[in-house]
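The values are calculated or read from the model by the stated rules, or taken from the named source; none is laboratory data. Here the structure is a predicted model, which is why all the values come from computation and not from measurement. Note that each Cβ is placed from the backbone with ideal geometry, even for glycine, and that neighbours are counted across all protein chains shown.
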Amino acid sequence: MIDLDKKIYTISDLTEEIKDLLEAEFPVIWLEGEISNFKVPPSGHFYFTLKDASSQIRAVFFKSGQYGLSFRPENGLQVLCFGRLSVYAGRGEYQIIIERMEMKGWGALQLAFEQLKERLFREGLFDASRKKPLPLLPRRVAIVTSPTGAVIQDFLRILFRRFSNIQVSVVPVLVQGERASSEIAEAIRCINQSDLGHEVIVLARGGGSIEDLWPFNEERVARAVTASRIPVISAIGHEVDFTITDFVADLRASTPSAAAELLIQPQQEWEGKIEEFQERLSQEMLHKTARLQEEIFHLQKRLGDPRRRLIDLILRIDDYGNRLQSALHRALGKKQDILRWMKEKLFLKNPKEKIISWQHHLDAHKLKLNSLVTKKIDQLDLEMKVQHKTLQALSPWAILDRGYALVQTLPALQLVRKIEEAPVGQEVRVLLARGELDCLVKTVRRKEEKDLVEGTV
């Protein structure tokens, strides 16, 4: 028979008591195992089983606690999980509610590195099309690194040796440890938001193990580099070391010292280029001057002295005016002869009225003739002004007004186009826009390229 004095549990009561005992006995716990049956429903929570060689336990990792997880869990991974034990009353199963998860050993870090690298690659963060070009001659550079140690000293020494006028801002951060990644990402954001005019950001750190370099493999640092509007150079570790920032940065340098060399060309090279450009510009100016002088000579030879043409036009206009005046006088004389003949030969009842009529007729012809003469003179004057402007535009004297000059030998007045035509000791005449200079050639120099000539008088 059933002893009615004994306590009888319902399944729910028993489950609740077991849950209270379990949670009180194991408030928090580190648990090591292998992930299996890994599932992610639409809620984003992780559900899986942790197992070892002979046992297993159910596990849940809620989405709200997954921030900062450096790898993607998957079946077969050996992990360390920190959390608390609980009982899921609906199935009467005990489980671990995970608050933190880490991969076990060096292989775990390498796997996390490869997983993040693959995910960012699929997002396009490594594409060459999004890489920003570095400025040709940056004026202000920000270097994010530890303020102590040989890295910053080597970087500054090499940079200032190559170009002394560049400005460098050192942004001190931790480059190792748990807080390093957040400080590095914040430094990149602050540099982008400042108004100091930085044109390049350099992330620099010396060599070390994968654990030492891990802050530069954090996703938050990779996102900050990608979001930077200022070009970023990644100079982490030694030449054989690769981090996630190397792939998302706009340029990777094998070492911090190499970053200083890639950042800017030596100042001596810039000065050499400037001198080369100055020499080329001087030669181009001499070439153009020589060509213009040659064109002036041919133009002068073809046109002759434009003043002679102008004098011919003035004389022709004066001749036309004289001829028109003579024609007018002859016409008036003929009219006056007719009038006198009429007075002498004709007997008129009212000769005074007839004479007045003829006088009016003669005045009308005179006005018409004067109008024609004036119109012709105005037309010729306009043509003369147009031709005068054309001659002025083509005149070599107008070219001299722009600062050029013509050189002639004395006393023959032969135009000088080459240095052989004006040797040392030759007297020359320099024609300017306003006057002439008589000079003596003291020195003759020939440029090496394309027989360009300079002279000193």
Considering residues that are part of a helix (DSSP H, G or I), out of contact with any Phe, Trp or Tyr (no Cβ under 9 Å at 6 or more places or on another chain) and not acidic (D, E), the number found within the stretch 391-448 is 9
Of the residues in the stretch 59-79, those that are part of a helix (DSSP H, G or I) and of a type outside the set (S, T, Y) come to K63, G65
With criteria (1) closer than 17 Å to R302 by Cα; (2) under 48 Å from the mean Cα position of the chain (by Cα), V407 comes up short on (1)
The correct count of residues that are surrounded by 12 or more Cβ atoms within 10 Å (Cβ to Cβ) and part of a loop (DSSP other than H, G, I, E, B) in the stretch 1-51 is 3
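Quick one: would you say L85 is buried (at least 17 other Cβ atoms within 10 Å of the Cβ) and in contact with a Phe, Trp or Tyr (Cβ under 9 Å, 6 or more places away or on another chain)? Explain how you work it out, then say what you get.
Numbers: buried (at least 17 other Cβ atoms within 10 Å of the Cβ): yes; in contact with a Phe, Trp or Tyr (Cβ under 9 Å, 6 or more places away or on another chain): yes.
So L85 fits the description; yes.
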Per the list (1) in contact with a His (Cβ under 6 Å, 6 or more places away or on another chain); (2) at pLDDT 90 or above, residue check on G207 breaks on (2)
The correct count of residues that are surrounded by 13 or more Cβ atoms within 10 Å (Cβ to Cβ), over 15 Å from I236 (Cβ atoms) and out of contact with any Lys or Arg (no Cβ under 7 Å at 6 or more places or on another chain) in the stretch 195-216 is 1
